[in-house]
Structure formats: C-alpha cells, structure tokens
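Trainee: After the structure tokens below, expect a handful of questions from me.
Laboratory data are not the source of any read-out in this text; all were calculated from the coordinates shown. None of these values were measured; they are calculated from a predicted model. All Cβ positions, glycine included, derive from the backbone under ideal geometry; neighbour counts span all protein chains shown.
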Amino acid sequence: MKNYISVDIGGTAIKYGIIGEDGQILSRGLTDTRAERGGQAILDTVQGIVEELFSQEKISGICISTAGMVDVERGVITYSAPLIPDYAGTEYKKVLEERFFVPCEVENDVNCAGLAESVSGAAAGSRISLTLTVGTGIGGCVVIDGKVFRGYSGSAGEVGYMKMGDSDFQTLGAASILSEKVAFWKQEPKRHWSGRRIFACAKEGDDLCLRAIDEMADALGQGIANICCVLNPEMVVLGGGIMAQEEFLKERIETAAGRYLVPGIARHTRLAFAKHKNDAGMLGAFYHFRQRHPMN
C-alpha cells in the first residue's frame, strides 16, 4: 500500500502525519507554527517534518494544506494575511519536489476542509456543498461534483469579505466577535472572556453572553442565506473550533438562516456540522493530491 505525507499548516500549529492510499491516517504529529518567524522558517520546518517521516516509511507523495491563497498549479503561496510575514512567494511544490523526488501538491486550508467534508464527511454524496470555517475570520469553500470551485482568478470562497450592512460577514459572524462584545458590554478586559467561558456562562443563563451568541448566530444565518441565494448548495457545512458547540448553536443558526432564506430555497438546503474537525486539513490535502495524481 502506498503512503503519503500530509501537512496542515495553520497560523498557530502545524499538524502532520502519514496517510495510506485508502485515506486512513496512520500517524499524527503536531508542532508550533511560530508564524512570526515568516515564510522561509515555516518552509524549513515543513522540510524537517517531511525528512523525518521519509525516514520512517516509503513515501509516494507530499500533500500540503496551508493558510493563505494558493496557486495550485505551481504550489506557491500568492497572498497571506500579516499573521505570517513574508509568506507570499513560498514555493512548497518546487522546493519539496526537488529535495525529496516525489510529487507535491498544495491547497488552501479552507478548500482542503471543504473537500474533506465533500468526499468523506458531512457533505458526502452531495453535488454542491458550501463549507464555512468559523474562527477568527470566516473562510468558505464551494465544491461542485467533487471538485473545488476556484472562480476565475482562484479567489472563489472568500466569503468573509462579503458586505453586510455597514460591516462584513466575518466581522459580524466570526467567533472573535463574541469576546469583543461581551467584554465591551460588561466593561471588562477582553482577555477575561474566552469563547469557552462565554458559552459556559450562556448555558447558565447569562443574558449578555446569550445576546452575543444570538447576534453571532443571526449574522451567520444571514450570511449563509445570502450565499445560498447565489449558489443554491445542497449542503452547508459549518466547521471551525466554535462549531464544537453544535448542540447550542445548530438550532439558532438554522432558525436565523430560515428567517433570511426564501422558503423555496430553504426547503432544499441542509445544514450540517463538520465531521472531520482537526483532521480536515490533512485529509483534504490528501484528496486534493489524489485528484491531481489519480494513478500515483
């Protein structure tokens, strides 16, 4: 059986492991990204990870999921937020193929998450799915007939920038808004209000924490409805750390989306929560590799 190295590069942590050709994750590892060091240092870290895993197994390919916009043909980072300085221009595919003599493919992390959910997760079997990852911001991935839809210049799915009133989708609906609102309303330092504490207090009946969650859910519902009016997806999958609160959030978001959606669209749109969670990036990178190398 052929084995593949999969690396998921986030702003905080790099998850990595070996995946068999049947899609089973055979081993896992984790290290800090230390994003402040910049693109070259992260590339050096990834090379070290790959070298270590090459010493353990015979490897047929390298699969990379990463933050930032990616030119998937060249395997190059084309744009990145300031969180990772000097990341644009990082040439994963060229560097890793020249060093390790196996194919390497690179894809954006949100696209990887969406592909993973489409192939073997919550959206498996659907023709058109929308996956949203909700964290500090909001990222989106559209998968049509098993393929990531990239748009004309590769920026399809950048839904966080979608304008809503005087603001935008990710400013109103991302997880980061919770601590900002609660801290402001309670006139306390923001560092005192993590998402975990806000949900714990909301479950105990704290009115301000409940209000912040309800406003976030309403914004998510409105954003989802706007996207659905354009794409008409069969499935909308919600991922990101905050979606671990599925029991508390699902009905709120469904109700909000229903308020904004045309009934004829709402009847044909299903909402689900991501299945693969922390494995989504690694699995999606593997699925992306196999699509580009079906015989490898």
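Trainee: Treating only the Cβ of Lys, Arg, Asp and Glu as charged (+1, +1, -1, -1), what charge dipole size does the chain show about its Cα centre? Round to the nearest 20 debye.
Mentor: So the dipole magnitude of the chain works out to roughly 320 debye.
Trainee: By the 4.7 Å beta carbon criterion, which cysteine residues of the chain come out unpaired?
Mentor: Taking the Cβ cut-off of 4.7 Å, the unpaired cysteines of the chain are 63, 104, 112, 141, 228, 229.
Trainee: OK, next. Quick one: compute the contact order of the chain, relative version, from alpha carbon pairs under 8 angstrom and 6+ residues apart, as a percent.
Mentor: Relative contact order of the chain: 19 percent.
Trainee: Whose amide H sits under 5 Å from the amide H of residue 87, counting only residues 5 or more places off or on another chain, with H placed in the peptide plane?
Mentor: 39
Trainee: Can you compute the charge dipole magnitude of the stretch 193-296 about its Cα centre, using +1 on each Lys and Arg Cβ and -1 on each Asp and Glu Cβ, nothing else charged? Give it in debye, rounded to the nearest 20.
Mentor: Value, rounded to 20: 460 debye.
Trainee: With a 10 Å radius around each residue's Cβ, average the other Cβ atoms per peptide and rank 124-135, 84-95, highest first.
Mentor: The densest-packed peptide leads the list: 124-135, 84-95.
Trainee: Mind ranking 146-153, 241-248 by how tightly packed they are, going by the mean number of other C-beta atoms within 10 angstrom, highest first?
Mentor: 241-248, 146-153
Trainee: Whole-Hz Karplus ³J(HN,Hα) for the stretch 182-194, in order, using 6.51 cos²θ - 1.76 cosθ + 1.60 and θ = phi - 60°, x for Gly and Pro?
Mentor: 4, 4, 5, 5, 8, 6, 10, x, 4, 5, 7, 10, 7
Trainee: Can I ask one more? If you take the square roots of the eigenvalues of the alpha-carbon gyration tensor of the stretch 65-174 and sort them as a ≥ b ≥ c, do you get rounded (a/c under 1.5), prolate (a/b over b/c) or oblate? If you can, show how the numbers build up before the last one.
Mentor: Details: a/c = 2.28, a/b = 1.28, b/c = 1.78.
It is oblate, given that a/c is not under 1.5 and a/b is not larger than b/c.
Trainee: So for the chain, taking the charge dipole from beta-carbon charges (+1 Lys/Arg, -1 Asp/Glu), which of 245, 62, 176 sits furthest toward the positive end?
Mentor: 245
Trainee: Classify the stretch 227-296 from the C-alpha gyration tensor, please: rounded if a/c falls under 1.5, else prolate or oblate depending on whether a/b exceeds b/c. Don't skip to the end; give the middle numbers.
Mentor: Details: a/c = 4.00, a/b = 1.61, b/c = 2.48.
Oblate, since a/c reaches 1.5 and b/c is not below a/b.
Trainee: Going by average Cβ density within 10 Å per residue, which order do the peptides 168-175, 257-264 take, highest to lowest?
Mentor: Details: 168-175: 22.2, 257-264: 13.8.
Put in order of decreasing packing, that is 168-175, 257-264.
Trainee: Once you order the gyration tensor axes a ≥ b ≥ c over the Cα atoms, which shape class does the stretch 124-274 get: rounded for a/c under 1.5, otherwise prolate or oblate by comparing a/b with b/c?
Mentor: Judged from the Cα gyration tensor, the stretch 124-274 comes out prolate (a/c at least 1.5, a/b above b/c).
Trainee: Let me have the 222 nm mean residue ellipticity of the chain computed from DSSP H runs of 4+ only, each contributing -39500 (n - 2.57), with the sum over all residues rounded to the nearest 500. Could you put the intermediate results ahead of the total?
Mentor: Working: 10 runs with 119 residues, N = 296.
Taken over the chain, the calculation gives -12500 deg cm²/dmol.
Trainee: Then there's this: So how far, in whole Å, is the C-alpha centre of the stretch 62-134 from the one of the stretch 158-211?
Mentor: After rounding, the separation between the Cα centres reads 29 Å.
Trainee: If you don't mind, there's one more thing I want to ask. Need the list of lysines near residue 58 for cross-linking: C-alpha distance under 28 angstrom, and skip anything on the same chain fewer than eight residues off.
Mentor: Counting by Cα, and skipping residues close in sequence, residue 58 has these lysines nearby: 2, 15, 93, 94, 277.
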